[in-house]
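Computed from the coordinates by the stated procedures, all read-outs in this text should not be read as laboratory data. Just so you know, these numbers come straight off a predicted model, no measurement behind them. A quick note on method: Cβ atoms are made from the backbone with ideal geometry, for glycine too, and the neighbour counts reach across all protein chains shown.
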Amino acid sequence: MSELKNHTPAPAVRDRSEPRFPGGPIADPAGSHHERRIRSFQPRRSRVTTGQGDALQRLWPIWGIEIDGRETLDPGTMFGGLPVVLEIGFGMGEATARMAADDPGTGILAVDVHTPGQGNLLGLAERNGLSNVRVANGDAIILLREMLAPGSLDGMRIFFPDPWPKKRHHKRRLIQPEFLTLAARSLRPGAVLHCATDWEPYAEQMLQVLTDHPDFENTQEDGGYAPRPGFRPLTRFEGQGLDKGHVVHDLLFRRAADPAV
């Protein structure tokens, strides 16, 4: 018996290139095809409900996109010629679904790595008949750098990104000069980058780096924060923060025209 115990096979390790759900998003779509870098997001492995899992299996092959860096996407063709806004980080997708329903003339390419949220947004899109939503899985940096052509986006939304509050983690914050240069490449002139945060120090950093970046212009004449636009829904998360006394800052910066144009 002891000899058999010594030869008990180790538990099988799931191949990270395989989806958690048949036909659904895979854990690391870019794999080793692109260099490793400091990530601005923290993958969460929350429990997926039965409904979310069902949506992932049925709808991912139709509306899901893997950010693998191996092909160039055409957002216009993807949405039948509609203008396209990229949303980076959508949580559980409730706000994304509401914005899509309120503005059916705009396509929303929504990116996140949170599997329950991906399934939830797909389910919301199906239940509400939203044909103007696509869900992308993976690193938004690879999407911008490897998979989108210059000037292919009509807007970008980054609502409540991880503030990485500890000073030693500030380098992980998404809104940095290098990211803005990458974002500007994919935005057409005049397109708006819309950020929102309830973390005051991060809001101050966002305002500073956006103001200093040559490819962006503040839509506010006073050079400050913007009022919350009516199209950005007040989310449950945001409401909880407001109840605690948090102040939410919106920043709307326009992609500047190329000087040569």
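Numerical summary
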| read-out | value |
| --- | --- |
| Which numbered condition VAL135 fails, given (1) buried (at least 16 other Cβ atoms within 10 Å of the Cβ); (2) touching a residue at least 40 places away in the same chain (Cβ under 8 Å); (3) assigned to a helix (DSSP H, G or I) | (3) |
| Boolean, ALA184 is under 16 Å from ALA140 (Cβ atoms) and in contact with an Asp or Glu (Cβ under 7 Å, 6 or more places away or on another chain) | yes |
| Those residues of segment 223-259 which are closer than 25 Å to ARG188 by Cα and among the hydroxyl-bearing types (Ser, Thr, Tyr), in sequence order | TYR225 |
